[in-house]
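Undergrad: The structure is given below, and queries will be raised subsequently.
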Amino acid sequence: QVRLVESGGDLVQPGGSLRLSCAVSGLSLNEYSIGWFRQAPGKEREGVSCISSSDGSTYYEDAVKGRFTISRDIAKSTVYLQMNSLEPEDTAVYYCAARRGMATCTAEYDYWGQGTQVTVSS
């Protein structure tokens, strides 16, 4: 079975940092692209950052460029999202998702985790 489990969400002050983890099972990170998505209150879900299978190319939403970094540890079957300089606008439920083959955040993702809450507030 394909399974994705997010962790690391928390309450943090503006300007702070968090690292989210997405532990995956039932798939190989060499063959599946992984994306981080978020849904804020009153807004639609949006793609935040994605990392492509095979070559590991990374993609970022403009709003998070320079602040967030996506990475993967193939041996640990885990994808990370390092979030720095957090802003209240980053408050959302963050989900990781997977799809087979190389992909950007605009592709359709087939497998989803349950999400982890990130709250940025003073």
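Undergrad: Just name the residue that is nearest to Val118 (Cα to Cα) out of those in the stretch 79-104 that are over 11 Å from the mean Cα position of the chain (by Cα) and assigned to a strand (DSSP E or B).
TA: Ala92
Undergrad: Which of the residues belonging to the stretch 60-72 are open to solvent by 40 Å² or more (accessible area, probe 1.4 Å) and closer than 18 Å to Ala103 by Cβ?
TA: Tyr60, Glu61, Ser71, Arg72 - these are the residues of the stretch 60-72 that are open to solvent by 40 Å² or more (accessible area, probe 1.4 Å) and closer than 18 Å to Ala103 by Cβ.
Undergrad: Now a separate question. Residues in the stretch 52-75 that are among the charged types (D, E, K, R), in contact (Cβ under 8 Å) with a residue 24 or more places away in the chain and closer than 22 Å to Gly115 by Cβ: how many?
TA: Residues flagged as among the charged types (D, E, K, R), in contact (Cβ under 8 Å) with a residue 24 or more places away in the chain and closer than 22 Å to Gly115 by Cβ within the stretch 52-75 amount to 2.
Undergrad: Restricting attention to the stretch 1-11, report how many residues are in a loop (DSSP other than H, G, I, E, B) and of a type in the set (D, E, K, R).
TA: Final tally of qualifying residues: 1.
Undergrad: Given the conditions (1) open to solvent by 40 Å² or more (accessible area, probe 1.4 Å); (2) modelled with pLDDT of 95 or more, and given that Ala97 satisfies all but one, which numbered condition is not satisfied?
TA: Condition not satisfied by Ala97: (1).
Undergrad: Please determine whether any residue of the stretch 73-92 is farther than 24 Å from Leu29 by Cα, open to solvent by 10 Å² or more (accessible area, probe 1.4 Å), of a type outside the set (Val, Ile, Thr) and in contact with a helix residue (DSSP H, G or I) (Cβ under 7 Å, 6 or more places away or on another chain).
TA: No.
The values are calculated or read from the model by the stated rules, or taken from the named source; none is laboratory data. Computed from a prediction, not measured in an experiment: that's the story for all the values here. Cβ atoms come from the backbone with ideal geometry, glycine included; neighbour counts cover every protein chain shown. Surface accessibility is based on the protein's heavy atoms, side chains included, excluding ligands, DNA and RNA. Shrake-Rupley method; radii C 1.70, N 1.55, O 1.52, S 1.80 Å.
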